Amino acid sequence: MALSIKTEEADRLARELSRLTGETMTDAITKAMRERLERVRAERAAQGDYFARVQDFVRRQAPLFDRRPVTKEEWDEASGDTPEQRGLPK
């Protein structure tokens with residue numbers, strides 16, 4: 001099998017990697033592609049897992065919070081809109 005390097009940058013990078021590692025260009029390129037492929041596969045697996053992790057997080061956190069509807073009185077109290085807080089008669 002042949003691999004054709006068609007850009008000066010790719011050739012320069014392959015030669016530098018080969019020189020720094022002491023490997024043949026073929027071995028250096030093969031190892032570099034193998035390592036990148038492993039990283040890309042791991043990233044994709046992590047992304048696919050993301051939705052499930054978020055759902056699990058929400059499921060675990062939801063019981064810790066009061067999620068009932070807020071009454072008008074509670075809203076007014078929290079927002080500072082009660083007649084007393086606005087300086088109005090009750």
Inset, instruction - Express in nm, to one decimal, how much length is gained between Arg60 and Lys6 on full extension, taking 0.36 nm for each residue of separation and deducting their alpha carbon distance. - result: 14.2 nm
Legend entry - Local net charge near Arg12, Cβ-Cβ under 14 Å (Lys/Arg +1, Asp/Glu -1): -1
Inset, instruction - Apply 1/(1 + (r/R0)^6) to the Cβ-Cβ distance of Gln47 and Asp27, taking R0 = 35 Å, and write down the FRET efficiency to the nearest 0.05. - result: 0.70
Inset, instruction - Compute the normalised compactness of the chain: alpha-carbon radius of gyration over 2.2 N^0.38 Å, N being the residue count. - result: 2.50
Legend entry - Gained length - Glu35 relative to Glu73, 0.36 nm times residue gap less alpha-carbon distance: 7.6 nm
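None of the figures in this text is laboratory data; all of them are computed from the coordinates on show. All values derive from a computational prediction rather than experimental measurement. Counting neighbours? That spans all protein chains shown, and the Cβs are built from the backbone with ideal geometry, glycine included.
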